[in-house]
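Colleague: Take a look at this one; I'll ask things after.
The values are calculated or read from the model by the stated rules, or taken from the named source; none is laboratory data. The shown structure was predicted, so the numbers you read here are calculated from the model rather than taken from an experiment. Cβ placement follows ideal geometry from the backbone for every residue including glycine, while neighbour counts extend to all protein chains displayed.
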Amino acid sequence: MGRIYWRQVLELWAGHECTVNRVGNVWRDQTRLTGHHDRIEDLTAFARLGIRKIRYPVLWERVAPHSPDIMDWTWTDKRLDRIGRLGLHPIVGLLHHGSGPRYTSLIAEDFPAAFERYAKAVAEHYPWVDDWTPINEPLTTARFSALYGVWYPHARDRRSFWLALLNQIDGIRLAMKAIRRVNPKARLVQTEDLGHTYATPPLASVALHYNRRRWLSWDLLAGKLSPDHPMWAELEELGFADRARAIFDDPCPPDVIGVNHYVTSDRFLDHRLEAYSFPPHAEGYHDITAARVLDPAPDGLAAALRQAWDRYRLPLAVTEAHLGCTREEQMRWMQEIWDTAVRLRQEGADIRAVTAWALLGSVDWNSLITVEAGHYEPGPFDIRGGQPRETAVAKLLRGLGGARGEPAGSRTHPAMAGRGWWRRDIRLEHPPYPSSETMRVEQQEQSSRPILVAGATGTLGRAFAAACHMRGLDHLLTDRTMLRIDDPAHVADALDSHQPWAVINAAGWVRVDEAERNAAECLRANADGAAILAAACAERGIHYTMFSSDLVFDGKQEGGYVERDAPRPLSVYGRSKAEAEERTMRAHGGALVVRTAAFFSPHDAYNFAVHVEKHLRSGTAVSAADGYFVTPTFVPDLVNACLDLIVDDETGIWHLTSQEPLSWFQFGARVADALNLDPALVRPAQPRDLGWRARRPPFAALFSAKGRILPGFEDALARHAKRRDSLLRQQPRSSLAATE
């Protein structure tokens, strides 16, 4: 087929993660967990992205939770009215990874009829709605609810799986008939997760079964599941042939095939149990994200869309596009999806839209919403500050929504120049397994301006360089021979020579007690250098980040400190940082100033946690200040959060710590416990015992009014301990503390 440019522009759609799922008798509602339930103003922010349509929930469990005869439309009336006033068109969803209200379930005999009655009521209440997704991802929901037992009704057998799937398909068919009796123009936008399963030769038949099964939702609705279908024998064996025939005789083809595709959608099955360090799948083989092991990487979304177009020849849309990762990787993923859709449209596939999913992020999807851990991953908006904050992903979407139909490449952020992790060697977490697939995504690197990091000899500088490398961010780590931050001429030459798009100042004086005897040197390194670098960046339109400290405060304020609190330093070092903050913000109104405290890292010998560990492993006691409280900060979390904020072009003062106040003595004891060392060897001490020259604030806990961006201390310390234990197993004890 020759190239076809479809008359319809490629549209940008969107939606917030709205799952209502049930585990036992516990219900989890993502609309409430992300706060959208109480923020109708979110819809205005969504509309500003330039979207045409929005996938929006009018979910059964939310409208009629207790009785099929009692429906509360209050919440949805206000939201759908606002959506219409904003000029958006809703794609209404009625069931999203749920099993229905408590009076039914996916495997209940009355499920299709009960769902039809609910759909009819929604259509009669909103007769103007044209686009519908009655049930999101019926196959995926049937698998997790009735085959794997993860969600209610927690069945684990093939018959329950087929019953749950057929109930949902019948529910969709009946629902669309009821909806179309009210609105004959109503369109079915049927979503499903679509990936491909690869396998080692002994598991080829299992992979073949999975690759046939992945089409079931659309095959059933489109009238393709007939007696000659490869899945028919299983239906017949389980006694569902009559139901399948009824569906085949009265199909309900989607008006739009909605493809949901994630990095994890493509799977690899491996019979070699000894090849991996983790337990196998319950069926006795390993089931791994294909991108983590196949080489070359699978073709991903492009292959899925081509196959769906060839199979159905119906209009397509990417109905969920989201990646839970660092900011620039989220943007790279969105760009790749958009550009893939543009390219396939030019090849002749009728692709109508790309949908930015999880606009407000998601909560606990890392455990399939089975564990209430509060794990949050942001999307185009970050809600950790209470109100949604636009991230760089939102800015990218705004460009896509305005341009339509064009590749995203011409509108990309400098941080997006590299390839996504799923296209780099870093993706391979296991020994690579050769793949017969060829990667059609273009591989050339785009030219990029770097991030310039000042401070090659320090903990932060090295940590930023390592994080940039892992994230595929072009960067330059400088020492004083390359960049003397207190020399205006040298700073100007360096910036003009390297042309960075962002500068991170991780250099400066760090010896708090020595600063009392070297005040001029400390002030020159910390305050003068920060201000000179800030002014030079401002002149060139370069984003600038500097670091400050909890020592800018006197520790006399009850309850700790947030960003708006005024500095009152007690020491020369604290004064140098307070002055650096003030002069930086005066020189560069768009600077990012990060206050943080009490670094610890498994990869640096010069931090308190490793200092404690070194003493305890040798069996010697270690003294730690009692009565002086800090908020410890895990360096890997800090640098990744900072890079996200830099990519987001955030400005102003931010407090980035664990936000858990601990005395240095408590900190040391917690480190000992985490490493299974003797906490009794951590001894409380006072400043005079420790040789402190500089005064410290007694309670300098840093909290944030802008949101808890970093994971908590317990989580961070567990990861620190795991990495230190790993290093201990790899190297002699004598070299452990110096490990990089």
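Colleague: Suppose we filter 319, 355, 340, 289 for residues that are in contact (Cβ under 8 Å) with a residue 60 or more places away in the chain and over 19 Å from residue 190 (Cβ atoms); which single one remains? Explain how you work it out, then say what you get.
Modeller: On the way: 319 fails: over 19 Å from residue 190 (Cβ atoms); 355 fails: over 19 Å from residue 190 (Cβ atoms); 289 fails: in contact (Cβ under 8 Å) with a residue 60 or more places away in the chain.
When all the criteria are applied, what remains is 340.
Colleague: If we scan region 64-73, do we find a residue that is under 24 Å from residue 193 (Cβ atoms) and either at pLDDT below 95 or assigned by TED's automatic domain parsing to the domain that holds residue 384 (or both)?
Modeller: Here is the first cut: in region 64-73, the residues under 24 Å from residue 193 (Cβ atoms) are none.
Within region 64-73, none of the residues are under 24 Å from residue 193 (Cβ atoms) and either at pLDDT below 95 or assigned by TED's automatic domain parsing to the domain that holds residue 384 (or both).
Colleague: For the subset of region 72-99 comprising residues that are surrounded by fewer than 16 Cβ atoms within 10 Å (Cβ to Cβ) and of a type in the set (A, V, I, L, M, F, W, C), which member is nearest to residue 365 (Cα to Cα)?
Modeller: This residue is 73.
Colleague: Something else about it: Just a yes or no: is a residue in region 207-218 touching a His at 6+ places or on another chain (Cβ under 6 Å), within 22 Å of residue 285 (Cβ to Cβ) and surrounded by 15 or more Cβ atoms within 10 Å (Cβ to Cβ)? Give the steps one after another, and end with the answer.
Modeller: First, the residues of region 207-218 that are touching a His at 6+ places or on another chain (Cβ under 6 Å): none.
No, that holds for no residue.
Colleague: Now for a different question. Among the residues that make up region 207-217, is at least one of them within 30 Å of residue 128 (Cβ to Cβ) and either among the β-branched types (Val, Ile, Thr) or outside any strand (DSSP E or B) (or both)?
Modeller: Quick first cut of region 207-217, residues within 30 Å of residue 128 (Cβ to Cβ) only: 217.
Keeping just the survivors that are either among the β-branched types (Val, Ile, Thr) or outside any strand (DSSP E or B) (or both) gives 217.
Yes, because at least one residue in region 207-217 is within 30 Å of residue 128 (Cβ to Cβ) and either among the β-branched types (Val, Ile, Thr) or outside any strand (DSSP E or B) (or both).
Colleague: Kindly check whether there is at least one residue in region 328-336 that is over 16 Å from residue 395 (Cβ atoms) and touching a residue at least 40 places away in the same chain (Cβ under 8 Å). Break it down stepwise before answering.
Modeller: Quick first cut of region 328-336, residues over 16 Å from residue 395 (Cβ atoms) only: 336.
If we keep only those that are touching a residue at least 40 places away in the same chain (Cβ under 8 Å) as well, we get 336.
Yes, region 328-336 contains a residue that is over 16 Å from residue 395 (Cβ atoms) and touching a residue at least 40 places away in the same chain (Cβ under 8 Å).
Colleague: Looking at region 668-711, which of the residues that are in contact with a Pro (Cβ under 6 Å, 6 or more places away or on another chain) and part of a helix (DSSP H, G or I) is surrounded by the fewest Cβ atoms within 10 Å (Cβ to Cβ)? Break it down stepwise before answering.
Modeller: Within region 668-711, the first condition is being in contact with a Pro (Cβ under 6 Å, 6 or more places away or on another chain), and the residues that meet it are 669, 672-673, 701.
So of that shortlist, the ones also part of a helix (DSSP H, G or I) come out as 669, 672-673.
Details: 669: 21, 672: 21, 673: 14.
By that ranking, first place goes to 673.
Colleague: Identify all residues within region 268-309 that are of a type outside the set (Gly, Ala, Ser), outside any strand (DSSP E or B) and within 27 Å of residue 332 (Cβ to Cβ); write none if there are none. Quick ask: steps written out before the conclusion?
Modeller: Restricting attention to region 268-309, the residues satisfying the condition of being of a type outside the set (Gly, Ala, Ser) are 268-274, 276, 278-281, 283, 285-289, 292-296, 298-299, 301, 305-307, 309.
Next, from what is left, pick out any that are outside any strand (DSSP E or B): 271-274, 276, 278-281, 283, 285, 292-293, 296, 298-299, 301, 305-307, 309.
292, 293, 296, 298, 299, 301, 305, 306, 307, 309 - these are the residues of region 268-309 that are of a type outside the set (Gly, Ala, Ser), outside any strand (DSSP E or B) and within 27 Å of residue 332 (Cβ to Cβ).
Colleague: Select from region 578-611 the residues that are in a loop (DSSP other than H, G, I, E, B), more than 25 Å from residue 516 (Cβ to Cβ) and in contact (Cβ under 8 Å) with a residue 60 or more places away in the chain and list them in ascending order.
Modeller: 589, 590, 591, 601, 602, 603
Colleague: Another question, then. Would you confirm whether or not region 240-263 contains a residue that is under 25 Å from residue 644 (Cβ atoms), out of contact with any Leu (no Cβ under 6 Å at 6 or more places or on another chain) and surrounded by fewer than 18 Cβ atoms within 10 Å (Cβ to Cβ)?
Modeller: The initial filter retains those residues of region 240-263 that are under 25 Å from residue 644 (Cβ atoms), namely 260-263.
From what is left, the residues that are out of contact with any Leu (no Cβ under 6 Å at 6 or more places or on another chain) are 260, 262-263.
Narrowing further to those that are surrounded by fewer than 18 Cβ atoms within 10 Å (Cβ to Cβ): none.
Checked against the condition, which is being under 25 Å from residue 644 (Cβ atoms), out of contact with any Leu (no Cβ under 6 Å at 6 or more places or on another chain) and surrounded by fewer than 18 Cβ atoms within 10 Å (Cβ to Cβ), region 240-263 yields no hits at all.
Colleague: For region 30-51, give me each residue that is in contact (Cβ under 8 Å) with a residue 24 or more places away in the chain, of a type outside the set (Lys, Arg) and surrounded by fewer than 20 Cβ atoms within 10 Å (Cβ to Cβ). First the steps, then the outcome.
Modeller: Filtering region 30-51 for residues in contact (Cβ under 8 Å) with a residue 24 or more places away in the chain gives 30-31, 33-37, 39-40, 42-51.
Checking which are of a type outside the set (Lys, Arg) leaves us with 30-31, 33-37, 40, 42-47, 49-51.
If the condition is that a residue be in contact (Cβ under 8 Å) with a residue 24 or more places away in the chain, of a type outside the set (Lys, Arg) and surrounded by fewer than 20 Cβ atoms within 10 Å (Cβ to Cβ), then 35, 37, 40, 44, 45, 47, 50 are the ones that fit.
Colleague: Being assigned to a helix (DSSP H, G or I) and not hydrophobic (A, V, I, L, M, F, W, C) is the filter here; which residues of region 612-647 pass it? Break it down stepwise before answering.
Modeller: Residues of region 612-647 that are assigned to a helix (DSSP H, G or I), as a first pass: 612-617, 635-647.
The answer is 613, 614, 615, 617, 636, 637, 640, 644.
Colleague: I'd like the full set of residues that are hydrophobic (A, V, I, L, M, F, W, C) and touching a residue at least 40 places away in the same chain (Cβ under 8 Å), limited to region 358-377.
Modeller: Residues of region 358-377 hydrophobic (A, V, I, L, M, F, W, C): 358-360, 363, 365, 368-369, 371, 373.
Passing the criteria: 358, 359, 360, 363, 365, 368, 369.
Colleague: Taking interchain pairs and intrachain pairs at least six residues apart, which have beta carbon atoms under 6 angstrom, with the first residue in region 381-393 and among the small types (Gly, Ala, Ser) and the second in a loop (DSSP other than H, G, I, E, B)?
Modeller: Once the first residue is among the small types (Gly, Ala, Ser) and sits in region 381-393, its partners that are in a loop (DSSP other than H, G, I, E, B) give 385/706; 385/707; 392/413; 392/648.
Colleague: Quickly run through region 289-312 and pick out the residues that are charged (D, E, K, R) and under 15 Å from residue 263 (Cβ atoms). Reasoning before the result, please.
Modeller: The initial filter retains those residues of region 289-312 that are charged (D, E, K, R), namely 292, 295, 299, 306, 310-311.
Scanning region 289-312 gives 292, 299.
Residues checked against (1) acidic (Asp, Glu); (2) within 22 Å of residue 549 (Cβ to Cβ); (3) assigned to a strand (DSSP E or B):
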residue: 448; (1), (2), (3): no, no, no
residue: 456; (1), (2), (3): no, yes, no
residue: 468; (1), (2), (3): no, no, no
residue: 473; (1), (2), (3): no, no, no
residue: 476; (1), (2), (3): no, no, yes
residue: 482; (1), (2), (3): no, no, no
residue: 492; (1), (2), (3): no, no, no
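Colleague: I'd like to check which helices (runs of 4 or more DSSP H) are fully inside region 83-201 and have at least 2 residues that are more than 28 Å from residue 356 (Cα to Cα) and not aromatic (Phe, Trp, Tyr). Let's see the steps before the verdict.
Modeller: Values: elements: 111-125, 138-142, 158-182.
Hits in region 83-201: 111-125, 158-182.
Colleague: Right, next: With respect to residue 575, determine if the residue is in the same structural domain as residue 509 (by TED's automatic domain parsing), over 18 Å from residue 454 (Cβ atoms), assigned to a helix (DSSP H, G or I) and modelled with pLDDT of 95 or more.
Modeller: Values: in the same structural domain as residue 509 (by TED's automatic domain parsing): yes; over 18 Å from residue 454 (Cβ atoms): yes; assigned to a helix (DSSP H, G or I): yes; modelled with pLDDT of 95 or more: yes.
Considered against the rule, which asks whether it is in the same structural domain as residue 509 (by TED's automatic domain parsing), over 18 Å from residue 454 (Cβ atoms), assigned to a helix (DSSP H, G or I) and modelled with pLDDT of 95 or more, residue 575 comes out as yes.
Colleague: Consider residue 229 against the criteria (1) within 36 Å of the chain's Cα centre (by Cα); (2) free of Cβ contacts under 8 Å to residues at least 40 places away in the same chain; (3) over 15 Å from residue 166 (Cα atoms): it satisfies all of them except one. Which criterion is unmet?
Modeller: Status for residue 229: all satisfied but (1).
Colleague: Can you find a residue that is closer than 22 Å to residue 697 by Cβ, modelled with pLDDT of 95 or more, in contact with a strand residue (DSSP E or B) (Cβ under 6 Å, 6 or more places away or on another chain) and not in a strand (DSSP E or B) anywhere in region 532-543?
Modeller: Of region 532-543, the ones closer than 22 Å to residue 697 by Cβ are none.
Checking region 532-543: not a single residue is closer than 22 Å to residue 697 by Cβ, modelled with pLDDT of 95 or more, in contact with a strand residue (DSSP E or B) (Cβ under 6 Å, 6 or more places away or on another chain) and not in a strand (DSSP E or B).
Colleague: If I ask for residues that are crowded, with 20+ Cβ neighbours inside 10 Å and closer than 18 Å to residue 662 by Cα, which ones from region 561-596 would you list?
Modeller: The answer is 561, 595, 596.
Colleague: In addition: Somewhere in region 56-69, is a residue surrounded by fewer than 24 Cβ atoms within 10 Å (Cβ to Cβ), under 22 Å from residue 219 (Cα atoms), free of Cβ contacts under 8 Å to residues at least 40 places away in the same chain and not small (Gly, Ala, Ser)?
Modeller: Among the residues of region 56-69, not one is surrounded by fewer than 24 Cβ atoms within 10 Å (Cβ to Cβ), under 22 Å from residue 219 (Cα atoms), free of Cβ contacts under 8 Å to residues at least 40 places away in the same chain and not small (Gly, Ala, Ser), which makes the answer no.
Colleague: Of all residues being within 15 Å of residue 340 (Cα to Cα) and in contact with a Phe, Trp or Tyr (Cβ under 7 Å, 6 or more places away or on another chain) in region 374-424, which is modelled with the lowest pLDDT? Just the residue, please.
Modeller: 408
Colleague: Among the residues in region 284-295, are any within 22 Å of the chain's Cα centre (by Cα), crowded, with 16+ Cβ neighbours inside 10 Å and at positive phi?
Modeller: No: region 284-295 contains no residue that is within 22 Å of the chain's Cα centre (by Cα), crowded, with 16+ Cβ neighbours inside 10 Å and at positive phi.
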